[in-house]
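Working notes, structure below.
The values are calculated or read from the model by the stated rules, or taken from the named source; none is laboratory data. Every value quoted in this text rests on a predicted model; they were computed, and no experiment measured them. With ideal geometry, Cβ positions are generated from the backbone for all residues, glycine too; neighbour counts draw on all protein chains shown.
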Amino acid sequence: MKYFCLASLTITMVACGASEPLPEGASFGANPTLPAPDTSLIPTVRIAPAKGWSGDKTPKAAEGFKVNAFAAGLDHPH
């Protein structure tokens with residue numbers, strides 16, 4: 001029984017391994033190479049933290065564009 005549990009744990013850990021990353025520049029252009037979908041048992045979710053603008057600082061816009069606040073003083077529902 002102990003060996004069965006150890007084998008099951010080992011197989012589970014190997015199955016959850018990450019795939020090899022693509023070379024630099026392969027994922028954009030006219031014919032991008034897309035990585036295979038991640039099919040892990042428990043998906044990884046990375047959520048960006050909510051941060052407001054401090055003072056008069058705004059995000060950097062592309063040349064010829066300007067960033068304006070659409071709303072201010074809103075509270076994020078953690």
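Scanning the range 53-73 for residues that are surrounded by fewer than 10 Cβ atoms within 10 Å (Cβ to Cβ) and in contact (Cβ under 8 Å) with a residue 12 or more places away in the chain yields a single hit, A69.
Within the range 2-33, the only residue that satisfies the criterion of being among the aliphatic types (A, V, I, L, M) and either at pLDDT 80 or above or touching a Lys or Arg at 6+ places or on another chain (Cβ under 8 Å) (or both) is A30.
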